[in-house]
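> One structure is given below, represented as structure tokens, and several questions about it will come after.
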Amino acid sequence: MPSTLIHSIRSLVTNDPALGTGPLGLVEDAAVLVEGERIAWVGPSSKAPQADSAYDAQGQAVIPGFVDSHSHLVFAGDRTQEFNARMSGQPYKAGGIRTTVAATRAASDEELAANLAKHLHEALRQGTTTFETKSGYGLTVEDEARALRIASEQTSEVTYLGAHIVSPDYAEDPAAYVDLVTGDMLEACAPYARWIDVFCEKGAFDGDQARAILTAGKAKGLIPRIHANQLSYGPGVQLGVELGAASADHCTHLTDADVDALASGDTVATLLPGAEFSTRAQWPDARRLLDAGATVALSTDCNPGSSFTSSMPFCIALAVRDMGMTPDEALWAATAGGARALRRTDIGRITVGARADLALLDAPSHVHLAYRPGVPLVLAVWRNGALAV
Ligand SMILES: [Zn+2]
């Protein structure tokens, strides 16, 4: 098996406190041995083993590849005009999704696959090595299953989100749409998905509908996650915790009971600051969640309507600047936190046996990701042990 020693790393984030300083397990003057698709050794450069080849990190920082646990990338068209209108003073409403539904239904398989590949590559260049992505712009049995089939060809983290909004075809009979989502559509989609998700929000699906949808998905072997408490207070977060959701996503409007539920359960609170940025909405309060003991992840929510960014470094910068996270907490949330939100132990860390997913920064420390916002700091990316960027 070919091996590569990445050496002369000024500062290495391992996310394993047993390997180095603090919760990030920081190792100074470090080296990492990559063997095949896995990490085979981590430690100080001075003690590094021999390898077939060497890569000189030239005194810069190395971090685990970002784990983006929430995106909506099977779509066609864009929503430039909606963004432009919103930035001219009109409020965001969930119904804007219908524009993308029409464009996505009209697109060919090839167009959807090419658009997905383009955005995944864009994210990879910015250090993201694992992507979750969802359906939700088809809203028919055929179009939802098609979206998931296309997604499953490019990532293993695929989420069935037939319950994104009530399909415009069922505007007069939302209950019949919930029946479809939990019946024929679920049947057609489950083979391609690992997760089931629902947009629990006023104007989308209420608590009872969300419960029915996630429960049906669980019965089919899918693991729940939930869009919860984004635009207003509501039942989503506590429902997610009760049903054993891996993650409750958005968490912008939380009561004390919501925070307590997240802190006491093992549902990760995934915060998506790109959405608040792009809709000029109130930031989620990461500090409150962290102080209560909840596990926090950061993700892009990349989608053409409410958060059209694929940049995890941008989300880190927002979380540090506006959500009360320290640079260390934000880096952890964007790597190990995302892995927790996907219930993965093989990614989001640089430890022996983990998948060799790493990003080399054009900076001496991971702190620069927030300190130098908007600057393209990712110099090189290894995914599955191969140099991909
Ligand atoms: Zn979303």
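> Out of V237, V241, I need the residue that is assigned by TED's automatic domain parsing to the domain that holds P273 and under 18 Å from the mean Cα position of the chain (by Cα). Which one?
V237
> If you don't mind, another one. Considering only residues that are of a type in the set (V, I, T) and modelled with pLDDT of 95 or more, which ones fall in segment 73-99? Please lay out each step first, then the result.
The initial filter retains those residues of segment 73-99 that are of a type in the set (V, I, T), namely 74, 80, 97, 99.
V74 - this is the single residue of segment 73-99 that is of a type in the set (V, I, T) and modelled with pLDDT of 95 or more.
> While we're looking at this one, here's another question. Of all residues in segment 161-187 being among the acidic types (D, E) and within 24 Å of E132 (Cα to Cα), which is farthest from the chain's Cα centre (by Cα)?
Of the residues in segment 161-187, the ones among the acidic types (D, E) are 169, 172-173, 179, 184, 187.
Next, from what is left, pick out any that are within 24 Å of E132 (Cα to Cα): 184, 187.
On the way: D184: 28, E187: 25 Å.
Within segment 161-187, the match that is farthest from the chain's Cα centre (by Cα) is D184.
> Let me ask another. For residues in segment 313-328 being of a type outside the set (A, V, I, L, M, F, W, C) and in contact with a Gly (Cβ under 9 Å, 6 or more places away or on another chain), which is nearest to the ligand (Cβ to nearest atom)?
Our first condition is that a residue be of a type outside the set (A, V, I, L, M, F, W, C); within segment 313-328, this holds for 313, 321-322, 324, 326-328.
If we keep only those that are in contact with a Gly (Cβ under 9 Å, 6 or more places away or on another chain) as well, we get 313, 328.
Working: P313: 19, D328: 26 Å.
Selected residue: P313.
> List the number of the failed condition for S310; all other conditions in (1) more than 16 Å from the ligand (Cβ to nearest atom); (2) touching a helix residue (DSSP H, G or I) at 6+ places or on another chain (Cβ under 7 Å); (3) modelled with pLDDT of 95 or more; (4) not aliphatic (A, V, I, L, M) hold.
(1)
> Can you run down the residue pairs with Cβ atoms below 9 Å, 6 or more apart or on separate chains, where the first is in segment 98-114 and in the same structural domain as R149 (by TED's automatic domain parsing) and the partner is part of a helix (DSSP H, G or I) and among the acidic types (D, E)?
Pairs that qualify, where the first residue is in the same structural domain as R149 (by TED's automatic domain parsing) and the partner is part of a helix (DSSP H, G or I) and among the acidic types (D, E), are T99/E82; V101/D143; T104/D143; R105/D143.
> Related question: Considering only residues that are surrounded by 24 or more Cβ atoms within 10 Å (Cβ to Cβ) and among the hydrophobic types (A, V, I, L, M, F, W, C), which ones fall in segment 219-238?
Looking only at segment 219-238, we keep the residues that are surrounded by 24 or more Cβ atoms within 10 Å (Cβ to Cβ), and these are 224-230, 236-237.
I226, A228, V237, listed by residue number.
> Keeping to segment 249-268, report how many residues are out of contact with any Lys or Arg (no Cβ under 9 Å at 6 or more places or on another chain), among the aliphatic types (A, V, I, L, M) and more than 18 Å from V198 (Cβ to Cβ).
The number of residues fulfilling the criteria is 2.
> Among the numbered criteria (1) surrounded by 23 or more Cβ atoms within 10 Å (Cβ to Cβ); (2) under 30 Å from A40 (Cα atoms); (3) without any contact (Cβ under 8 Å) to a residue 60 or more places away in the chain; (4) away from the ligand (no atom under 16 Å from the Cβ), which single criterion is violated by T295?
(1)
> State the number of residues belonging to segment 193-215 that are surrounded by fewer than 20 Cβ atoms within 10 Å (Cβ to Cβ) and either in a helix (DSSP H, G or I) or touching a helix residue (DSSP H, G or I) at 6+ places or on another chain (Cβ under 6 Å) (or both).
Residues meeting the conditions: 6.
> So T155 ticks every box in (1) within 16 Å of the ligand (Cβ to nearest atom); (2) in contact with a Gly (Cβ under 6 Å, 6 or more places away or on another chain); (3) among the β-branched types (V, I, T) but one. Which box is left unticked?
(2)
> Being in contact (Cβ under 8 Å) with a residue 24 or more places away in the chain and either closer than 27 Å to S156 by Cα or touching a Gly at 6+ places or on another chain (Cβ under 6 Å) (or both) is true for just one of G348, G374. Which residue is that?
G348
> Now for a separate question. Hey, A248 hits all of (1) within 14 Å of the ligand (Cβ to nearest atom); (2) assigned to a loop (DSSP other than H, G, I, E, B); (3) surrounded by 20 or more Cβ atoms within 10 Å (Cβ to Cβ) but one; which does it fall short on?
If we test A248 against (1) within 14 Å of the ligand (Cβ to nearest atom); (2) assigned to a loop (DSSP other than H, G, I, E, B); (3) surrounded by 20 or more Cβ atoms within 10 Å (Cβ to Cβ), just (2) comes out false.
> How many residues, within segment 59-111, are touching a Leu at 6+ places or on another chain (Cβ under 9 Å) and in a loop (DSSP other than H, G, I, E, B)?
11
> When only residues in segment 267-280 that are assigned to a loop (DSSP other than H, G, I, E, B) and modelled with pLDDT of 95 or more count, which is farthest from the ligand (Cβ to nearest atom)?
Filtering segment 267-280 for residues assigned to a loop (DSSP other than H, G, I, E, B) gives 267, 272, 280.
From what's left, modelled with pLDDT of 95 or more: 267, 272.
Values: T267: 16, L272: 7 Å.
Top of the filtered list is T267.
> Can I ask one more? Could you grab me the full set of residues in segment 41-61 that are hydrophobic (A, V, I, L, M, F, W, C) and either surrounded by 19 or more Cβ atoms within 10 Å (Cβ to Cβ) or not assigned by TED's automatic domain parsing to the domain that holds V381 (or both)?
Just the residues of segment 41-61 that are hydrophobic (A, V, I, L, M, F, W, C), to begin with: 41-42, 48, 51, 54, 57, 61.
V42, A48, A51, A57, A61 - these are the residues of segment 41-61 that are hydrophobic (A, V, I, L, M, F, W, C) and either surrounded by 19 or more Cβ atoms within 10 Å (Cβ to Cβ) or not assigned by TED's automatic domain parsing to the domain that holds V381 (or both).
The values are calculated or read from the model by the stated rules, or taken from the named source; none is laboratory data. Note that the structure is a prediction, hence the values are computed from the model and not measured. Glycine also receives a Cβ, built like all others from the backbone with ideal geometry; neighbour counts cover every protein chain displayed.
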